[in-house]
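Single-structure report; data block below.
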2 protein chains.
Amino acid sequence: MSGLRARQKADRHRRIIEAAAALFRDAGYEGAKIETIAAQAEVSVGTIYNYYQNKGDILGAIVSMEVNEVLNAGRGVVANPPANVGDALDTLLGIYIEHSLHYLSKEMWRQAMAISTQLPDSPFGQAYTALDRALTEQIRALIVRLQALGLVRRDIDGPALGELIFNNMNMMFIEFVKREEARIAELRTAIRRQNRILVAAIGV
Amino acid sequence: MSGLRARQKADRHRRIIEAAAALFRDAGYEGAKIETIAAQAEVSVGTIYNYYQNKGDILGAIVSMEVNEVLNAGRGVVANPPANVGDALDTLLGIYIEHSLHYLSKEMWRQAMAISTQLPDSPFGQAYTALDRALTEQIRALIVRLQALGLVRRDIDGPALGELIFNNMNMMFIEFVKREEARIAELRTAIRRQNRILVAAIGV
DNA sequence: CACAAAAACAGAATTGACTCAATTTTAGAA
DNA sequence: TTCTAAAATTGAGTCAATTCTGTTTTTGTG
């Protein structure tokens, strides 16, 4: 049915993403012109728009890879958490944060976040929301796990707590990427300090 | 030194803001062309850029008015809070949320938030961060007040708690403006549910 | 009042994301 | 192999934000 066509398609996708990722890193998101990405990927401008609805969606594809990797790494912690509420949370959120600048620069994160609020109904906007939700779910899953292990009180509203923890971390992360000079270590310390209040409240 | 010039300047500022606010409401932020704003305000495009660095800064001036009004309204609650931690928080955050759509549509909020993360160092970006900080400070002030009134445990880390509460509310608000169909009442209910966990933990 | 410097204005030109009609390539049937 | 419809590509054209440069207005001084 579609040998050659499918192969070419996958290949063009890959070339576009690779060219874009390189340019976003080098020239920044704004600095990377579609025309340049197209030239680098050896396709025309029109073709890029055949593959992605807009410039933001190209960034979106890169962000998705990053976040999915993080979600994967988090699964291990949920399955086998440290035997202490504070450490368990710190380990999971630590994974999220430490991975965050692996593929994406702060500027790329800023753009990605901006686009997801600016165009919440675009493919990327929806994907980003779904990723946020997946992270929230994972934190909730950790809490449920800790409840099962008898480390967290059973009468705690797990879903609400999971959302609270994610929202706080996410907002702190947003502030973190907004300040170019902010360091990961400081971010983790600040989040730990906030979570301490919660940990004291929910521990058995 | 500058009678006429200053008066004309103030007048042009006002005309630009009024024209922009009207157009943002009617046509949306994206739909409002600078050219149209200029025509409506009876100045040239170049003049608008003499007053504001970019389109986002015009929106920024409008957002600032809104948030300052909210901060003012909040002062009363901090000075004289309901005699119950849950109600006190709910009243203060309720003021923020209920005022939020007074001058600004959801679309305008989305744009404002997007710009503030996209360009954190632009005049508006910095102003927006300052406004966020002011709101956080006000929540912290409420907590300190409640501690003074003996309603919140003295050994609670007030600054961290204030930031936690603000971050969670803010993130919920972001999700709220991203979903056009979301209702204020639901937002408040969801935030109340999350804060209940905290209230239980910090009450005397 | 006249005038030079400073400040502000105007609008044409530039720039870069995105669109669209025409052309080329692929798939599959005869 | 040849042909046709469908799918994909192309790049010139459009549109709106922003910049730039020459002109006009205001100010303060002699």
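Determine the pairs where a residue that is closer than 16 Å to residue B:175 by Cα, located within the range B:94-120, has a partner that is assigned to a helix (DSSP H, G or I) and polar (S, T, N, Q) with Cβ atoms under 6 Å apart, the partner being 6 or more residues away or on another chain.
Listed by first residue and then by second, the contacts come to B:110/A:117; B:110/A:118; B:113/A:117; B:114/A:117; B:114/A:118.
Considering each of A:48, A:16, A:62, A:37 in turn, give the residue that is under 20 Å from residue A:126 (Cβ atoms) and surrounded by 16 or more Cβ atoms within 10 Å (Cβ to Cβ).
On the way: A:48 fails: under 20 Å from residue A:126 (Cβ atoms); A:16 fails: under 20 Å from residue A:126 (Cβ atoms); A:37 fails: under 20 Å from residue A:126 (Cβ atoms).
Sole residue among the options that is under 20 Å from residue A:126 (Cβ atoms) and surrounded by 16 or more Cβ atoms within 10 Å (Cβ to Cβ): A:62.
Among the residues that make up the range A:100-107, is at least one of them assigned to a helix (DSSP H, G or I) and touching a helix residue (DSSP H, G or I) at 6+ places or on another chain (Cβ under 6 Å)?
Yes, the range A:100-107 contains a residue that is assigned to a helix (DSSP H, G or I) and touching a helix residue (DSSP H, G or I) at 6+ places or on another chain (Cβ under 6 Å).
Going through the range B:1-29 one residue at a time, which ones are within 23 Å of the chain's Cα centre (by Cα) and without any contact (Cβ under 8 Å) to a residue 24 or more places away in the chain?
Passing the criteria: B:14, B:18, B:19, B:22, B:23, B:26, B:27.
Any residue at all in the range A:49-65 that is touching a residue at least 40 places away in the same chain (Cβ under 8 Å), part of a helix (DSSP H, G or I) and polar (S, T, N, Q)?
yes
Here are B:183, B:133: which of them is more than 7 Å from every other protein chain (Cβ to nearest Cβ) and farther than 21 Å from residue B:62 by Cα?
Exactly one of B:183, B:133 is more than 7 Å from every other protein chain (Cβ to nearest Cβ) and farther than 21 Å from residue B:62 by Cα, namely B:183.
Specify which of the listed residues (A:165, A:202) is under 19 Å from residue A:146 (Cα atoms), out of contact with any helix residue (DSSP H, G or I) (no Cβ under 6 Å at 6 or more places or on another chain), buried (at least 21 other Cβ atoms within 10 Å of the Cβ) and more than 7 Å from chain B (Cβ to nearest Cβ). So that I can check it myself, show each step before the final result.
Details: A:165 fails: out of contact with any helix residue (DSSP H, G or I) (no Cβ under 6 Å at 6 or more places or on another chain).
Of A:165, A:202, the one residue that is under 19 Å from residue A:146 (Cα atoms), out of contact with any helix residue (DSSP H, G or I) (no Cβ under 6 Å at 6 or more places or on another chain), buried (at least 21 other Cβ atoms within 10 Å of the Cβ) and more than 7 Å from chain B (Cβ to nearest Cβ) is A:202.
Suppose we filter the range B:110-166 for residues that are aromatic (Phe, Trp, Tyr) and either closer than 13 Å to residue B:85 by Cα or at pLDDT 95 or above (or both); how many remain? Walk me through it before giving the result.
Taking the range B:110-166 first, the residues aromatic (Phe, Trp, Tyr) are B:124, B:128, B:166.
Still in the list and also either closer than 13 Å to residue B:85 by Cα or at pLDDT 95 or above (or both): B:128, B:166.
Looking only at that region, the number is 2.
May I ask you to verify whether residue A:65 is within 14 Å of chain B (Cβ to nearest Cβ), more than 16 Å from DNA strand C (Cβ to nearest atom) and under 17 Å from the mean Cα position of the chain (by Cα)?
no
Take the conditions crowded, with 19+ Cβ neighbours inside 10 Å and under 12 Å from the mean Cα position of the chain (by Cα) and apply them to residue B:104. Does it pass? Please lay out each step first, then the result.
Details: crowded, with 19+ Cβ neighbours inside 10 Å: yes; under 12 Å from the mean Cα position of the chain (by Cα): yes.
In short, yes.
The values are calculated or read from the model by the stated rules, or taken from the named source; none is laboratory data. These numbers were taken from a predicted model, which means no experiment stands behind them. Cβ coordinates were reconstructed from backbone atoms using ideal geometry, including for glycine residues, and neighbour counts include every protein chain displayed.
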